[in-house]
């Protein structure tokens, strides 16, 4: 071995107690002193792999070497003692204690072996803070400090405990642009001091800026290791989402008719005081697929949440067929024939412990044809569910099988079988094919086209360039919570061009963007 | 993991929990024996275990112990109702512990109604049971509504509510409805025609309440698995976010589940009162609500399994009672055995390695078949 490896994980497989295979024979190698990105879509297995490395989960099988030694990590304590530290996406700090107290928590300096030595705690904090150029206020209560400083406290916490290898789990997700810039300077600084950093993210621009190499995970498997300097955002996204798959979906030209959905001037500021939606306005017509492209975390999720009333927007208007649907309950939205394929299918799309049948009828158990007086009309329900299982090619052993036992692709087919079969007039499809196999992906995409051509309006939100380009009739691009571009026709659009809009480098004229707002 | 495998796992797990509890019980009996020699202690232990496990069915002379067995069935009545009540509430993921207070209030209100209402035969017991159910339902609506509207923990509220109910009943009993001619605190006698008919004679106390309980089991099972309301309750319990996203009115069903829990608990109290007692004299919480929680957990929240779980608990109760009569073992042992069984059932990770092996095996099979299929 020419170069020394800080971390080597060999053939790591993790099967969770619910049967989900999160990692399959993953190999992961990080050189000493590099910033190494771990990339992949949600659900690709990044977090699981890092939890294993930090001792929070035990691998089903596989070997882990830290600095060349085979280790058995059965708790974070073990990992820390081997010099591995982790900064979680959701901070693990005690809000009511001061910065210094948080930093020494669990390894408190003592006076005469009994009393807590606060002075020493502050001194430790100041020493490390100066040494690693991570300015924090040791006296401030954690509850009172900004998010950026909390992250510095987390990093210091790991450093004080002797971490030489730092895992940062989506560190920029909660940060503002300035805080991100600051963090990157600090990370480069740490790298120069010889630290090894594992950086989890799916933001292409950040990866390009800060990392030396990257490992890309897809469906729990490692796709490969790439040198950042030899990669382009396009080659990365191709590796991440498997863009080489040729779909060849034939779709006839759309023939849009009446406007069905009108969104005007939506604004939303989230709990971290970050503006996630900025004056978002667009219209959607019957018979067309409007794609929403963008790097994840640029307001797409909030847009969907606003449309389906999971969040309350600060201002703006949403009209469906000329009628305001702002703040209608999900039941009322569904009775107006609005469907949602949710981004997080395990949390919203299904109940994992319920059967295929129970999952398919969740939005329609009150239909008159499924009820005979107070009782369910089981034969009618079974007939329709059987039909849907056949139509949507759901591979299950019986209607009574628990959905959680199915593969990702089949779970998503259960979701779309329900959402596409309620005679929807508006379908919101949020990452409808994320993390599922090629067969199911193609199936779901062709269903979406079929539904739009028979008159439904489809709003397709996808981080998968391939998908939005192939499916959408017209396209908007979101960046920083705003719509930054509108294309009436997706034909002839170049990846590079789109990439520049997605990364917020370019922005169309306002008058051009406003063309997506018709009556 | 396939349905068959998870069923297999649950059966193995239940049997293992019971077996371990009995092994621990054996040791406890052995060491608490007052005999001196090892062999004598062993003989004592065998005798005690025989009393615990066999006596409720068979007398020492080898004939069927009908009296003990009828006692077992009779004491199933209240815990079937509280078990059902808990099942419905837990199915919606509502940890409402109010069936304890509910059953006490149901018994009290049914007693008052049976003492004072001038109603004819058949009508009087029916009205009394309905009033008892209604009262408990109204009371459980308090924590239910607070949870649904203001997201206040139903567990804490219902737990505290139990004591409010208990003291309120004691207050009313002492101040207004006690029979002053009696030496202890008890109401007047209920009207003769309010009592539920006994199924068998001989003072076994196995009343028609047992049949009502079984009917309730069937109705609740149908309700939970064959109606849209029960379905919605279960979906909320399985994944509340999913239920909300699907358009189910979560707040309404959270309240409904607890209202039904209240009705069942109150009905249990009323049936127990009219089937077993001549006058109301409970001054403390009767404990049936707590046992109902054990029953619901043993039954894995499936109402159809409630009678079996109730039988098991009732059988253990009788067994330990006989054990303390015929051997030198204290009947507090029941609580220890119960606690151990409860512990292993409630411990999610008990036998989790065995389960993980089953899961890994079927996941690997699936992966292999996926590869083969491509």
Taking the conditions exactly as written (at negative phi, in a helix (DSSP H, G or I), buried (at least 18 other Cβ atoms within 10 Å of the Cβ) and facing chain A (nearest Cβ under 9 Å)), does residue B:243 satisfy them or not? yes
Test residue A:380 against the criterion of being more than 7 Å from chain B (Cβ to nearest Cβ), surrounded by fewer than 18 Cβ atoms within 10 Å (Cβ to Cβ) and over 22 Å from residue B:249 (Cβ atoms), and give yes or no. yes
If we ask which residues in the stretch A:343-359 are in a helix (DSSP H, G or I) and free of Cβ contacts under 8 Å to residues at least 60 places away in the same chain, their number turns out to be 6
Before we move on, is residue B:257 in contact with a helix residue (DSSP H, G or I) (Cβ under 7 Å, 6 or more places away or on another chain), surrounded by fewer than 18 Cβ atoms within 10 Å (Cβ to Cβ) and either within 13 Å of residue A:361 (Cα to Cα) or modelled with pLDDT of 95 or more (or both)? no
Mind checking whether some residue in the stretch A:415-422 is more than 25 Å from the chain's Cα centre (by Cα) and either in a helix (DSSP H, G or I) or within 12 Å of chain B (Cβ to nearest Cβ) (or both)? yes
Test of understanding: among A:449, A:411, A:444, which residue is in a helix (DSSP H, G or I) and not assigned by TED's automatic domain parsing to the domain that holds residue A:332? A:411
Residue check: is residue B:285 outside any helix (DSSP H, G or I) and modelled with pLDDT of 80 or more? yes
Considering the stretch B:1-40, residues that are away from chain A (no Cβ under 14 Å) and not in a helix (DSSP H, G or I), and then whichever is modelled with the highest pLDDT, we arrive at B:37
If you go through the stretch A:402-414 one residue at a time, do you hit one that is within 29 Å of the chain's Cα centre (by Cα), on the phi < 0 side of the Ramachandran plot and modelled with pLDDT of 95 or more? yes
Condition first: crowded, with 23+ Cβ neighbours inside 10 Å, away from every other protein chain (no Cβ under 14 Å) and either in contact with a strand residue (DSSP E or B) (Cβ under 9 Å, 6 or more places away or on another chain) or in a helix (DSSP H, G or I) (or both). Can you find one or more residues in the stretch B:225-233 that meet it? no
Regarding the stretch B:175-185, can at least one residue be identified that is touching a helix residue (DSSP H, G or I) at 6+ places or on another chain (Cβ under 6 Å), away from every other protein chain (no Cβ under 14 Å), assigned to a helix (DSSP H, G or I) and surrounded by 15 or more Cβ atoms within 10 Å (Cβ to Cβ)? no
Strands (runs of 3 or more DSSP E) completely within the stretch A:241-342 that count 3 or more residues being over 21 Å from residue A:423 (Cβ atoms), free of Cβ contacts under 8 Å to residues at least 60 places away in the same chain and in contact with a strand residue (DSSP E or B) (Cβ under 6 Å, 6 or more places away or on another chain): A:259-269, A:315-320
Helices (runs of 4 or more DSSP H) enclosed by the stretch A:34-148 - at least 1 residues per element that are closer than 30 Å to residue A:10 by Cα and in the same structural domain as residue A:221 (by TED's automatic domain parsing): A:46-53, A:76-81
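The values are calculated or read from the model by the stated rules, or taken from the named source; none is laboratory data. Just so it is clear, the structure is predicted and the values come from calculations on it, not from any experiment. Cβ: placed from backbone, ideal geometry, glycine included. Neighbour counts: every protein chain shown.
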